[in-house]
Amino acid sequence: MAGIGALSSRFYSSAFTNCDIYGNCSNYQSSNHFLADFGGGVRLYAYHNFFIRPEVRLYLIHNNVEFSSGHAVRYGASIGYTFGGGH
């Protein structure tokens, strides 16, 4: 799978006190970035219709200066059952 989108991060801290001319204050800073997402998984049947599905996703974040890298990786797995016809 693949996709493009936007990432919006909000960082809360008592050190951030942004106030406007009306006296409205907030304790956060926001950061928005363009990102691309690539990933995939494989459905492995363990027993009859029961399966396990390992997955990996890579997020490429444009102009990411808030963290140590411009990319993030997510690993995961799911288990499930297929109803109906065979696999």
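Consider only pairs whose beta carbons are under 6 Å apart and that are at least six residues apart or on different chains; among these, list those whose first residue lies in the range 41-58 and is over 16 Å from Tyr81 (Cβ atoms) and whose second residue is loosely packed, with under 13 Cβ neighbours inside 10 Å and basic (Lys, Arg).
Arg57/Arg74
Against the definition (without any contact (Cβ under 8 Å) to a residue 60 or more places away in the chain, surrounded by 11 or more Cβ atoms within 10 Å (Cβ to Cβ) and of a type outside the set (D, E, K, R)), how does Ile21 come out, yes or no?
no
Results for (1) acidic (Asp, Glu); (2) under 23 Å from Ala77 (Cα atoms), shown as yes or no for each residue.
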residue: Asp20; (1), (2): yes, no
residue: Ser26; (1), (2): no, no
residue: Ala36; (1), (2): no, yes
residue: Tyr45; (1), (2): no, yes
residue: Asn49; (1), (2): no, yes
residue: His62; (1), (2): no, no
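On the basis of being over 21 Å from the mean Cα position of the chain (by Cα) and without any contact (Cβ under 8 Å) to a residue 24 or more places away in the chain, does Ser14 make the cut?
yes
Any residue that is within 28 Å of Gly5 (Cβ to Cβ), of a type in the set (Asp, Glu) and modelled with pLDDT under 90 - is there at least one of those in the range 51-71?
Looking for residues that are within 28 Å of Gly5 (Cβ to Cβ), of a type in the set (Asp, Glu) and modelled with pLDDT under 90, one finds at least one in the range 51-71, hence yes.
The values are calculated or read from the model by the stated rules, or taken from the named source; none is laboratory data. Keep in mind that this is a model prediction, so the values were computed, not measured. Note: ideal-geometry Cβ built from the backbone for every residue, glycine included; neighbour counts use all protein chains shown.
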